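Below you'll find the structure, written out as structure tokens, and then a few comments.
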């Protein structure tokens with residue numbers, strides 16, 4: 001059954017607001033999604049009814065707060081097809097989750113000359129942690145190139161993976177929308193003796209996620225792009241890897257025992273969750289997972305494919321050669337992220353003009369500067385869609401875009 | 001919201017479409033400096049040739065939005081042939097106009113200008129203040145020029 005967008009919009013209180021006297025046309029969900037009423041209520045409810053610290057109090061409130069945190073972990077585990085709740089490590093966001101792997105598994109297992117393979121379409125979150133390990137431990141960073149159609153160029157994959165220790169790839173590009181062949185890449189990595197990490201930040205909010213089907217060893221994603229609060233992200237990893245990895249940050253929560261001489265670590269996953277965790281945020285993420293499950297992730301994806309197809313058709317028909325939309329042309333091969341260039345007008349200026357009509361798009365390098373270099377531009381405008389968007393939002397974008405001509409086209 | 005016409009004044013769009021002093025200079029004798037706006041990816045490259053405390057020549061390059069490109073163009077036209085001291089006055093007046101680091105000893109008059117410096121074309125950028133996100137676009141070239149001139153003076 002198709003998504004009832006009108007009903008979905010009614011779940012998101014922010015959709016009622018106006019911008020510059022116009023209705024809000026929010027097309028920046030790849031940056032962050034809005035939050036539905038049940039998520040906002042879950043966070044409020046947590047603070048109003050059972051706020052307390054977790055895993056230490058023996059009183060009723062603390063028991064309830066701990067249960068709420070662990071219940072959220074259970075929901076996330078179910079949502080992504082994990083076998084056990086303990087495979088879910090809560091982090092601040094996907095960036096922290098990837099850094100956790102680099103700082104713990106990477107530091108313990110990688111040395112000078114050890115290759116880590118990434119791709120040209122990665123977000124900085126999956127580039128800079130490896131640059132840091134290159135500077136500190138001398139690892140070698142290798143890059144899978146992209147083709148002009150926005151897909152990865154896997155011609156030299158075997159050579160790039162030769163001797164590699166880790167392949168780390170975004171499941172969906174936050175700029176091009178490209179859906180990468182994760183299972184194929186994971187199998188190739190494993191055949192070469194490397195581990196596979198997936199940055200699922202743009203995937204999990206939009207497509208049914210099954211970490212076992214992906215064939216991954218590590219999967220990172222963030223809560224705020226999937227209707228959850230900011231400040232909560234997830235690292236999923238295979239249990240044996242989490243067991244063997246050294247801890248990340250040191251402090252409370254992550255210890256079993258501390259003496260003047262040293263410490264021993266708590267069990268997985270708490271070993272990686274030093275300090276008071278983002279409890280309300282985790283509870284909110286649990287509610288977000290329930291919300292998306294209620295919509296049905298198959299329906300969420302179906303809606304995205306249909307709306308992406310409509311957007312590609314509408315913009316191309318209206319503007320023809322005046323608009324260049326990057327990435328795959330086939331909606332089934334991509335997410336609802338449309339990076340575009342319009343008549344050579346700088347994206348900052350495009351976004352400024354669109355804002356006047358209440359249309360929110362992102363302008364800039366989208367934290368993917370190496371990809372921008374490959375595309376041969378310093379920045380793009382990016383419209384990205386989610387469950388609350390419909391054809392009228394695409395039409396509003398198309399209408400407002402032409403208004404840029406007044407200022408920039410002589 | 002403030003009118004976009006306040007931001008995209010005709011003189012700004014003219015400098016954007018027909019930039020003055022766009023290009024490169026030989027280094028040395030010129031000094032080259034790069035400025036980045038990490039938020040949006042805009043980059044500006046300034047070449048400046050300073051001799052005896054005078055900005056003898058200036059060129060700029062890089063990629064950016066209409067505001068950053070126009071600001072670079074206007075700045076280059078304003079400071080070319082001026083002394084480094086005059087540049088500092090321009091810089092101060094421009095930053096005051098952009099509402100940055102108000103100087104308590106020298107409060108900006110209501111017309112947005114400080115001191116007796118005539119900003120000329122640059123005055124057109126006053127509308128940018130109403131769009132706070134864009135202030136960095138307008139000031140990037142000034143930061144970069146300051147850096148280049150400091151380097152040029154350190155070299156001499």
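Rule-based calculations on the coordinates, nothing more; no lab input. Every value quoted in this text rests on a predicted model; they were computed, and no experiment measured them. Counting neighbours? That spans all protein chains shown, and the Cβs are built from the backbone with ideal geometry, glycine included.
Numerical summary
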{"read-out": "Prolate/oblate/rounded label for the stretch A:1-45 (Cα gyration tensor, a/c 1.5)", "value": "oblate"}
{"read-out": "Cβ crowding within 10 Å averaged over residues, with A:312-323, A:155-166 ranked highest first", "value": "A:155-166, A:312-323"}
{"read-out": "Pairwise FRET efficiency - residue A:265 versus residue A:63, Cβ, R0 = 30 Å, nearest 0.05", "value": "0.80"}
{"read-out": "Per-residue Cβ neighbour rank within 10 angstrom, fewest leading, A:285, A:256", "value": "A:256, A:285"}
{"read-out": "Shape category assigned to the stretch A:21-157 from the gyration tensor of Cα positions, a/c cut at 1.5", "value": "oblate"}
{"read-out": "Angle between chain A longest axis and helix A:128-137 axis [Cα atoms, degrees, rounded to 10]", "value": "40 degrees"}
{"read-out": "Helix axis angle, A:60-79 relative to chain A longest principal axis, alpha carbon, degrees", "value": "60 degrees"}
{"read-out": "Shielding by partners - mean other protein chain Cβ count within 10 Å, residues of B:64-71", "value": "4"}
{"read-out": "Distance from the stretch B:5-66 to the stretch A:1-54 (C-alpha centre basis), Å", "value": "43 Å"}
{"read-out": "Helical contribution to [θ] at 222 nm, DSSP H n ≥ 4, -39,500 (n - 2.57), averaged over the protein assembly as shown, rounded to 500", "value": "-11500 deg cm²/dmol"}
{"read-out": "Cα-based helix-to-principal-axis angle, A:37-49 vs chain A, degrees rounded to 10", "value": "30 degrees"}
{"read-out": "Cα gyration tensor category, rounded, prolate or oblate, for the stretch A:145-217 with a/c compared to 1.5", "value": "oblate"}
{"read-out": "Value of relative contact order over the stretch B:4-108, rounded to a whole percent, pairs C-alpha under 8 Å and six or more apart", "value": "24 percent"}
{"read-out": "Quotient of Cα Rg and 2.2 N^0.38 Å for the stretch B:4-155, N being how many residues it contains", "value": "0.98"}
{"read-out": "Shielding of B:131-142 by partner chains, average beta-carbon count, 10 Å", "value": "1"}
{"read-out": "Kirkwood Rh, Cα atoms: Rg over Rh of the stretch A:193-340", "value": "1.11"}
{"read-out": "Sorted by Cβ neighbour density within 10 Å, fewest at the top, the residues A:143, A:236", "value": "A:143, A:236"}
{"read-out": "Extension gain, residue A:240 back to residue A:23 (0.36 nm per residue minus Cα-Cα distance, nm)", "value": "73.1 nm"}
{"read-out": "Mean separation of Cα contacts under 8 Å, 6 or more apart, over the residue count of chain A: relative contact order %", "value": "23 percent"}
{"read-out": "Peptide A:338-348 - average C-beta neighbours from other chains (10 Å radius)", "value": "3"}
{"read-out": "Interatomic Cα distance distribution for chain A, bins of 10 angstrom, percent", "value": "5, 22, 30, 25, 14, 4, 1, 0"}
{"read-out": "Relative counts (whole %) of C-alpha pair distances in the stretch A:322-378, using bins that are 10 Å wide", "value": "20, 52, 27, 1"}
{"read-out": "Relative packing of A:81-92, B:37-48, B:8-19, which averages over residues the other C-beta atoms within 10 Å, highest first", "value": "B:37-48, A:81-92, B:8-19"}
{"read-out": "Fraction of the pair-distance distribution of the stretch A:103-196 above 21 Å, Cα-Cα pairs, percent", "value": "27 percent"}
